[in-house]
1. Using bins 10 angstrom wide from zero, how does P(r) for the chain break down, in % of all Cα pairs?
2. When only alpha-carbon atoms are used, what values of Rg and Dmax, in angstrom, describe the range 336-389?
3. Over the chain, what is the relative contact order in whole percent, taking alpha-carbon pairs under 8 Å and six or more residues apart?
4. So if I average 1/r over every pair of distinct C-alpha atoms in the range 6-112 and take the inverse, what Kirkwood radius in Å does that give?
5. 222 nm [θ] for the chain, helices only, -39500 (n - 2.57) per DSSP H run of 4+, per residue, to 500?
6. How fast does the range 280-427 diffuse by Stokes-Einstein, in µm²/s, taking the Kirkwood radius from C-alpha pairs at 20 °C and 1.002 mPa s?
7. Can you work out the Karplus-derived ³J(HN,Hα) for every residue in the range 265-279? Use 6.51 cos²θ - 1.76 cosθ + 1.60 with θ = phi - 60°, whole Hz, and x for glycine or proline.
8. Loop only by DSSP, 12 or fewer other Cβ within 10 Å of the Cβ. Give me the trypsin sites (Lys or Arg not before Pro) in the range 1-110 that pass, ordered by residue number.
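Read-outs throughout are calculated quantities, based only on the coordinates presented, and are distinct from any laboratory measurement. Remember, predicted model here, so these are calculated numbers, not experimental data. Note: ideal-geometry Cβ built from the backbone for every residue, glycine included; neighbour counts use all protein chains shown.
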Amino acid sequence: MAPLPPRSFYGWRLLAAAGAIQLMLGALLTQSFGLYVAAIGQEMGWSKATLAGAAALQSVESALIGPVLGWLLDRLGTQVAIRWGLVTFGAGLMLMSQVDSVGLFYLAAVLMAVGASLGGYFALSVTIVHWFQAHRARALSALSVGLACGGLVVPVIAASMQRYGWRATALVSGAFVIVAGWGLARVIHGRPEDVGERVDGAPPALPAPAPAAVSATGDAPPPGRAAAEPAFTAAQALRTRAFWLLAMGHGLALLVVTAVNVHAVSHMTQGVGISVTDAGWIITLMTVAQLGGVLFGVAAGDRFDKRHVTAACMFAHAAGLLCLTWSTQMGHLVAFALLHGVAWGLRGPLMQAMRADYFGRRAIGAIFGLSATIVAVGQICGPMMAGVMADLTGDYRVGFTVIAILALAGSWAFLQARRPAPGPGPG
């Protein structure tokens, strides 16, 4: 295994700032959006499909903006996009505090989604890929520690909603994002060359790390060995089988994740019959498990075949969702939280690391963006499928069961997604 970059490497400082941004977005959007959905639905009396439409619009936004955002990040850098993205996200949260109609709710959701795309995981992961190579999976997993820790704030958000109301909570949260996000974005630089450094902190006189070449079979290199980095263009990546299989697996993973994020709290309170407070603690346990999966990725993400790990995670997603769906006791909900959380935390960073390992940094923003367009199908269908079927059948069981079965197909997709070989060179 290649040695870690030196402590003086600016990439560590950048990684810490990126993790703090992820924590903020995870706490105030990814992990807590279900709380807002439940609270708004109860106050407004809207149908589950109507509420799920906001999540679907967020995913449509990701599909539309992804390729353009990737192209912009590859050419203009990430700091400006992240800074204004966080301002837009904060404005969306503040607008949500004023919601009194479905149209305004959807507009707030879209603003939050645009802001999260510009200033969140997409842009931050592209940045990390440019700064780290030999320990890329470890760095991307460390980035996701922030997202996982954001879930630990969910009980605080829930308590604030109960004491001050969801409107005041959204208003103050949005203002906080704008102030804190502006300062954190100043630390982010798109490429190490921007501050006179090199990938992985390599000394100026030495070439950046480029370990053993790709196997002609397309298999992953042995544990502890990284492949010589290819240099695919976006067009070349689109012509590979691996690009489409990774996108398929990623989309099916988010079919589960987005359905859970939007509807799990509603199912636990309405279908299982537990209190909002207890549901919040289940989400917190899920987040602790997610953090455990992320930390395992930090420790060992570059040591194992990522295809096999992500395939196993899809099985865990399916099993966890079935535990949630057919729960009759708290033990089933605990099993859901542990299985789904670990799978989410471990799988997420590894998928992006696989793309960067397979296609290189040459056009990674565009490749991530094109992938996001395909992945968005899963993001859109997950909440909508669960919400529509709940309206038709009276509960979430049919929708969640179908989604769990589909998740198993994602395991097959990741197993089949072998490294393209031979890859094009940098010329």
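1. Answer for the chain: a P(r) of 5, 23, 35, 25, 10, 2, 0 percent.
2. In Å, with Rg to one decimal and Dmax whole: 14.2, 43.
3. Values: 810 pairs, mean separation 116.7, N = 427.
It rounds to 27 percent for the chain.
4. Values: mean 1/r = 0.0642 Å⁻¹.
Answer for the range 6-112: a Kirkwood hydrodynamic radius of 15.6 Å.
5. Values: 16 runs with 306 residues, N = 427.
Value at 222 nm, helices only, nearest 500: -24500 deg cm²/dmol.
6. Numbers: Rh = 16.7 Å.
Once the numbers are plugged in, D ends up at 128 µm²/s.
7. Couplings: 4, 4, 5, 5, 7, 9, x, 8, x, 9, 6, 4, 4, 5, 4 Hz.
8. When the trypsin sites (Lys or Arg not before Pro) of the range 1-110 are filtered for loop state and at most 12 Cβ neighbours within 10 Å, Arg7 remain.
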